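Working notes, beginning with the structure itself.
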């Protein structure tokens with residue numbers, strides 16, 4: 001009985017952490033949509049948030065050094081583009097020297113933000129931004145400030161195609177709580193089955 005209660009409280013705790021992560025992501029996006037700051041960095045961030053490619057290119061041509069500059073909200077224009085899943089802008093910014101290792105003030109990496117965007121809009125079925133970041137050298141296991149990795153987040157929300165893709169790219173399953181446990185706790189049995197097979201294969205290889 002005590003063990004069951006501990007497990008229940010653990011699940012509740014991590015559900016709260018995941019919810020907090022999603023709220024942080026959404027609030028950051030809302031900020032960029034409604035801000036009206038005059039400086040160039042914030043204008044570039046706002047253009048990236050609004051997916052104004054032409055406006056972004058205009059600023060990047062004049063101020064390429066700002067692609068990795070942080071706004072007062074703690075995000076770079078590149079991070080904002082990733083958070084909106086704008087592959088076209090991401091490619092342009094990478095050519096301008098965007099740093100895939102930089103993280104927001106909430107410890108969100110470019111790759112993490114792109115994954116969260118896919119989770120938030122599952123029907124778009126467009127993971128090209130994630131792929132672009134992966135091949136640009138992004139760390140697919142970088143956690144957010146709550147210690148949650150992209151694989152844990154995708155497992156929790158039952159994003160089976162993304163889970164499969166991350167596993168094929170050797171995303172670490174050696175995290176707590178396990179992606180399998182997170183998928184199971186939310187009733188995502190298809191996702192859990194994929195992860196279960198991965199754990200079995202790992203055990204055999206070990």
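The values are calculated or read from the model by the stated rules, or taken from the named source; none is laboratory data. None of these values were measured; they are calculated from a predicted model. Cβ: placed from backbone, ideal geometry, glycine included. Neighbour counts: every protein chain shown.
Among the residues of the range 73-89, what is the count of those that are in a loop (DSSP other than H, G, I, E, B) and within 16 Å of residue 130 (Cα to Cα)? Lay out the reasoning, then the answer.
Initial filter on the range 73-89 (in a loop (DSSP other than H, G, I, E, B)): 73-76, 84-86.
Now narrow it down to the ones that are within 16 Å of residue 130 (Cα to Cα): 84-86.
Looking only at that region, the number is 3.
When the range 84-99 is examined, which residues are found to be in contact (Cβ under 8 Å) with a residue 40 or more places away in the chain and closer than 21 Å to residue 65 by Cβ? It would help to see each step written out before you state the result.
Within the range 84-99, the first condition is being in contact (Cβ under 8 Å) with a residue 40 or more places away in the chain, and the residues that meet it are 84-87, 89-91, 94.
Correct list: 86, 89, 90, 91, 94.
Listed by position, the helices (runs of 4 or more DSSP H) inside the range 90-206 whose residues that are over 13 Å from the mean Cα position of the chain (by Cα) and on the phi < 0 side of the Ramachandran plot number at least 1 are 128-135, 150-156, 160-168, 179-185, 189-205.
Going by the conditions given, is residue 133 closer than 15 Å to residue 44 by Cα and either modelled with pLDDT of 95 or more or in the same structural domain as residue 198 (by TED's automatic domain parsing) (or both)? For residue 133, the condition - closer than 15 Å to residue 44 by Cα and either modelled with pLDDT of 95 or more or in the same structural domain as residue 198 (by TED's automatic domain parsing) (or both) - is not met.
Conditions (1) assigned by TED's automatic domain parsing to the domain that holds residue 46; (2) surrounded by fewer than 19 Cβ atoms within 10 Å (Cβ to Cβ); (3) touching a helix residue (DSSP H, G or I) at 6+ places or on another chain (Cβ under 9 Å); (4) in contact (Cβ under 8 Å) with a residue 24 or more places away in the chain, marked per residue:
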{"site": "76", "(1), (2), (3), (4)": "yes, no, yes, yes"}
{"site": "121", "(1), (2), (3), (4)": "yes, yes, no, yes"}
{"site": "157", "(1), (2), (3), (4)": "no, no, yes, yes"}
{"site": "162", "(1), (2), (3), (4)": "no, no, yes, yes"}
{"site": "179", "(1), (2), (3), (4)": "no, no, yes, yes"}
{"site": "183", "(1), (2), (3), (4)": "no, no, yes, yes"}
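Listed conditions (1) in contact with a helix residue (DSSP H, G or I) (Cβ under 9 Å, 6 or more places away or on another chain); (2) not assigned by TED's automatic domain parsing to the domain that holds residue 67 are all met by residue 168, apart from (1).
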